[in-house]
Amino acid sequence: MSEESRHPQPEQEEDVLEELKQLGRQIGKTLKQAWKSPQRKELEEELKTGLQELDKALDSAKERLASEEATEQAREIVESLEKDETVREIRSTLVKGLRSLNQELSQTLNEEPGTETKPESPSEERPDDTP
């Protein structure tokens, strides 16, 4: 091998360096043009829109899941309360009290002015009732 083939001449080195510099400039220009292109801008808008729609869909799914969980928890609470004896007793007492109140109101509405109704039993009398 000759000395020239092992060590390129300065002229050849400059040519390679110049070509690499020009290649770098061309790549830079190409990237700038691609960045400014309508296709890139359109793709960017499509990506933004797609990501926004995905975000909305995920929020909606999260809200539905939370709502379903709350509904299920409420259903479990109602079921446990329906099985509770104390709750059944309270419900029964409440129904009796409301029925009695409705009967008294009905009698009051059906009375002629100036007449009094007597309570059916002493336990139904209230100290605050005045004719």
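Past the 18 angstrom mark, what percentage of all C-alpha to C-alpha distances in segment 12-108 do you count?
78 percent
Rounded to the nearest Hz, the phi-derived 3J(HN,Hα) couplings of segment 90-99 under the Karplus curve 6.51 cos²θ - 1.76 cosθ + 1.60 (θ = phi - 60°) are 4, 4, 4, 5, 4, 4, 4, x, 5, 4, where x marks glycine and proline. Partners of K29 within straight-line reach, counting lysines whose Cα lies under 29 Å from its Cα and excluding those fewer than 8 residues away in the same chain: K21, K41, K48.
Read-outs: derived from the displayed coordinates by stated rules, not from any lab. Because the structure is a prediction, the values reported are computed rather than measured.
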